[in-house]
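The values are calculated or read from the model by the stated rules, or taken from the named source; none is laboratory data. Bear in mind the structure is a predicted one, so any value in this text is a computation, not a measurement. Neighbour counts run over all protein chains shown; Cβ positions are idealised from the backbone, glycine included. The protein model used for the area step is the full one, side chains on, heavy atoms only, and it has no ligands, DNA or RNA in it. Shrake-Rupley method; radii C 1.70, N 1.55, O 1.52, S 1.80 Å.
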Amino acid sequence: MSDYKEIIRQPETMNWFKAAMGIKITRDCLLEFVKEINQACYDDIRKEIKHQHGVPESIVCNQCVTPNVLPCDPANICCRRKRGKCAFHEIHMPRNCPNKLCNEICKQIVIQHRFRWKQNSLSFQGPTWINTDASKWCSEPWHIFKCFVSKDGYKDANQAECTDFNGIMNIIYNCEYFKTYLQDDLTKQENVCTKARDVGREVRHAPAMSMNSQDTDKAIDTLEALLQSLTHVNHQVTAKTAVDKLKQKSKRG
Ligand SMILES: [Zn+2]
Ligand SMILES: [Zn+2]
């Protein structure tokens, strides 16, 4: 095996590093955007619940934990049974929120999830209930966004800042609330989000931590396309700055 100093100097290693830095730049840029949309999404959920059920936005609840608001249903991945019993609902049973709120927030999260209908007996691809804490939905809306991130590796990611690129991408793609903030049509099988997510995966799983220059350029182009797709006016400047940084990473920049 070559000396590690030699490996670092190899062009393929540098290419991989450029792509990895591109992911970091993109993730840092998306962070503020996703935080702002998180609050907007919560506010809209509350407006909808007020509209449908008359629960004022000033009412908050911190008394319901996730098993309280989620029906015990074998279609729900949390409710897989051990020896005939549901471990998820062992301590806290489903009940109606005393503030008439948390069950409705739960329903709104399902409505926002892109893959809410794709369920079968083996896997339910809807919201990830296992990592969220419903008692925090009103006080820390990031717990609402945790329902859109995959199960593994995000249990303690209770803030945007603790969430990696893959998690941020899953939120933007899986939560349909984002569709108005991106120019690309996210209902297409291949779109700016799925492509960026694939880039993240390729870089993360590159076994030799090396990439050829074409793949690096493609990765940077994909990340640029994602940032250029953002329509939110508050984030145009930061997105443009991030794109400029990405361009410096590519050979053409
Ligand atoms: Zn259950
Ligand atoms: Zn409640």
Scan of region 197-229 for residues that are open to solvent by 70 Å² or more (accessible area, probe 1.4 Å), in a loop (DSSP other than H, G, I, E, B) and either among the polar types (S, T, N, Q) or under 17 Å from residue 165 (Cα atoms) (or both), ordered by number
212
Single residue of 49, 8 found to be in contact with a helix residue (DSSP H, G or I) (Cβ under 7 Å, 6 or more places away or on another chain) and either within 15 Å of ligand 2 (Cβ to nearest atom) or of a type in the set (A, V, I, L, M) (or both)
49
Just the residues that are polar (S, T, N, Q) and part of a loop (DSSP other than H, G, I, E, B), please, taken from region 149-169.
150, 158, 159, 163
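Where in region 1-78 are there helices (runs of 4 or more DSSP H), lying wholly inside it, with at least 2 residues that are surrounded by 15 or more Cβ atoms within 10 Å (Cβ to Cβ)?
Numbers: elements: 4-9, 11-53, 66-69.
Where helices (runs of 4 or more DSSP H) fall fully within region 1-78 and carry at least 2 residues being surrounded by 15 or more Cβ atoms within 10 Å (Cβ to Cβ), they are 11-53, 66-69.
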Listed residues 115, 165, 178; which is closer than 30 Å to residue 57 by Cβ and at pLDDT 95 or above?
178
With (1) under 22 Å from residue 36 (Cβ atoms); (2) part of a helix (DSSP H, G or I) as the list, and residue 130 as the residue in question, which single condition is left unmet?
(1)
Extreme residue, most open to solvent (accessible area, probe 1.4 Å), among residues of region 80-98 that are in contact with a helix residue (DSSP H, G or I) (Cβ under 9 Å, 6 or more places away or on another chain), more than 16 Å from ligand 2 (Cβ to nearest atom) and not small (Gly, Ala, Ser):
91
Which residue pairs have Cβ atoms under 7 Å apart, sit 6 or more places apart or on different chains, and have a first residue in region 105-123 that is crowded, with 21+ Cβ neighbours inside 10 Å and a second that is at pLDDT below 95?
106/70; 109/127
